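A.B. asks: First, the structure itself, so that you have it in front of you.
The values are calculated or read from the model by the stated rules, or taken from the named source; none is laboratory data. None of the values given here were measured: they were computed from a predicted structure. Cβ sites come from the backbone with ideal geometry, for glycine too, and all protein chains shown count toward neighbours.
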Amino acid sequence: MADQLTNHDDRTAVSGGPPAAGTTAAADPPWADDTVTVAAAPRVRLAAPSFRAVVRMILIFSVCGICLYLLWRVRGVVQLVAISVFFSLALIPMVDAVCNVTHARRAPVILGIYLVLIAAVAVIGYVVIPSLVKEVHQLSRDAPRYAADLRRNATFRRYDDRYHITLKLVNDAQRLPQLLRRLAGPLTDVTVRAFGFIGELVTVLAMAFLLTLHGRRYVEMGLSLTGSERERYRTVLIDIKNAVAGYIVGNLAISGLATLATWIALSLLGVPYSLSLGFVVGFFDLIPLIGATLGAIVVVLATLTVDFPTATLVWVGFIVVWQRFEDYVVQPLVYRRSVNVNPLVTIVSVLAGASLLGILGAVLAIPTAAAIQILLHDWWANHRHSEAHRGAARPGTESGHRTRASATG
């Protein structure tokens, strides 16, 4: 009987209604006035997938696998297309500026810029390569004299007598011309690689020409397929174009400044072939993170032939100050808000790009990371907006029922 009364009281408290007529309610316990909340327990049903769903999953995985295999087979073409896209994005600001000033057609302007770039590369190669070869041979010939200069220092002479440092340095320096000839490789191998490189270069220049000339038309054709999301994707593409073009043009400008600064510093120190070495530093400065350091190491070898160790120490001090000036003054001024990539992402992207495409991959790694970051930011903002809109459109629901049981006299 007591169990029946207890169960009857529990049902009354849950339903929130008074006891039925003709029944006697038991005395309310001390906690009868408390509110009782009962939440509906979710039901989880596990069902085997249907035959149709299994076939659909198999087809999706098969199609994805085939696409990845085909993409791997044409990875060389994909690399050329990616390089062409970045090159065209770097050309677009220059072409637009020239067209706005001269009111000329885009095709002649693009061809003119191509000719200027090819002439600049040819001049740099004609100036830099012979001077570097001469520096290597001169360093090889003068290595014994530099070793004798080092042994004039008593402290260095004591360590040299124990570890034979100068003997190893002289032997390595005298082998530099042989190593240089060995790095050049056999003539046939160099010729085959040169023809392959020329073919790829012509392909990249042709695709970049078409992308620069008709890029806007291609973009409009692609945007016409996006329907109501057209303006959104247009904004994303504009942001990517500004980020990539801003980085590439800014990187070229910073490398030009590094070339000019190196040329002036080495000219004041009396280092021969200072302009050629300036081009070397500017070229290496295109590589993020470590490029300027690699270029500085090459110039250190050249300063050994002038006034060791004074010229070498002055150059090391100059390059340290210049790198700080470039990192904290020049780069923020040139890049501004065009590229804003997390430092960790920068390091990882540079390492990945270098492993895929070597120096070119390291150069293109940061703008690629910036483009991916813009895409992810747009996806996340659109996802949050959709979730907020869906939550506002959903009617309010209660997770449970709240009742209050009270004693009635």
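A.B. asks: Of the residues VAL85, VAL95, VAL121, which is in a helix (DSSP H, G or I), without any contact (Cβ under 8 Å) to a residue 24 or more places away in the chain and closer than 29 Å to ALA370 by Cβ?
C.D. replies: Going through VAL85, VAL95, VAL121 in turn, just one is in a helix (DSSP H, G or I), without any contact (Cβ under 8 Å) to a residue 24 or more places away in the chain and closer than 29 Å to ALA370 by Cβ: VAL121.
A.B. asks: I'm checking my understanding of the structure. Among residues of region 279-294 that are over 12 Å from ASN251 (Cβ atoms) and touching a Ser or Thr at 6+ places or on another chain (Cβ under 7 Å), which one is surrounded by the fewest Cβ atoms within 10 Å (Cβ to Cβ)?
C.D. replies: Checking each candidate, the answer is PHE279.
A.B. asks: Let me ask something additional. Identify the residue in region 294-353 that is assigned to a helix (DSSP H, G or I) and among the charged types (D, E, K, R) and, among all such residues, is modelled with the lowest pLDDT. Explain how you work it out, then say what you get.
C.D. replies: At the first step, the residues of region 294-353 found to be assigned to a helix (DSSP H, G or I) are 294-303, 310-335, 343-353.
Still in the list and also among the charged types (D, E, K, R): 324, 326-327.
Values: ARG324: 86, GLU326: 84, ASP327: 77.
Among residues in region 294-353 that are assigned to a helix (DSSP H, G or I) and among the charged types (D, E, K, R), the one modelled with the lowest pLDDT is ASP327.
A.B. asks: Let me ask another. Find the residue count for region 98-118, including only residues that are more than 12 Å from LEU205 (Cα to Cα) and in a helix (DSSP H, G or I).
C.D. replies: 11
A.B. asks: If you take the residues of region 99-148 that are of a type in the set (Lys, Arg) and out of contact with any helix residue (DSSP H, G or I) (no Cβ under 7 Å at 6 or more places or on another chain), which of them is farthest from LEU252 (Cα to Cα)?
C.D. replies: Filtering region 99-148 for residues that are of a type in the set (Lys, Arg) and out of contact with any helix residue (DSSP H, G or I) (no Cβ under 7 Å at 6 or more places or on another chain), the one farthest from LEU252 (Cα to Cα) comes out as ARG145.
A.B. asks: Taking region 269-292 as the region of interest, how many residues are without any contact (Cβ under 8 Å) to a residue 24 or more places away in the chain and either in contact with a His (Cβ under 7 Å, 6 or more places away or on another chain) or polar (S, T, N, Q) (or both)?
C.D. replies: 1
A.B. asks: I would also like to ask the following. For region 259-278, name all the residues that are out of contact with any Ser or Thr (no Cβ under 6 Å at 6 or more places or on another chain) and either in a helix (DSSP H, G or I) or aromatic (Phe, Trp, Tyr) (or both).
C.D. replies: Scanning region 259-278 gives THR259, LEU260, ALA261, THR262, ILE264, ALA265, LEU268, LEU269, LEU275, LEU277.
A.B. asks: Output the residue which, of all residues in region 261-289 that are closer than 16 Å to VAL306 by Cβ and not hydrophobic (A, V, I, L, M, F, W, C), is farthest from the chain's Cα centre (by Cα).
C.D. replies: Step by step, filter region 261-289, then rank; the result is GLY270.
A.B. asks: Additional query: Take ARG145 and tell me if it is modelled with pLDDT of 70 or more and either surrounded by 11 or more Cβ atoms within 10 Å (Cβ to Cβ) or not hydrophobic (A, V, I, L, M, F, W, C) (or both).
C.D. replies: The answer is yes for ARG145.
A.B. asks: For the list (1) aliphatic (A, V, I, L, M); (2) surrounded by 11 or more Cβ atoms within 10 Å (Cβ to Cβ); (3) at pLDDT below 80, I need the number of the one condition that ALA107 fails.
C.D. replies: Evaluating ALA107 over (1) aliphatic (A, V, I, L, M); (2) surrounded by 11 or more Cβ atoms within 10 Å (Cβ to Cβ); (3) at pLDDT below 80 leaves (3) as the failure.
A.B. asks: In region 225-246, how many residues are modelled with pLDDT under 85 and of a type in the set (Phe, Trp, Tyr)?
C.D. replies: Residues flagged as modelled with pLDDT under 85 and of a type in the set (Phe, Trp, Tyr) within region 225-246 amount to 0.
A.B. asks: Here is a follow-up. What is the one condition in (1) more than 30 Å from ALA107 (Cα to Cα); (2) at pLDDT 70 or above; (3) assigned to a helix (DSSP H, G or I) that HIS214 does not satisfy?
C.D. replies: Checking HIS214 against (1) more than 30 Å from ALA107 (Cα to Cα); (2) at pLDDT 70 or above; (3) assigned to a helix (DSSP H, G or I), the one that fails is (1).
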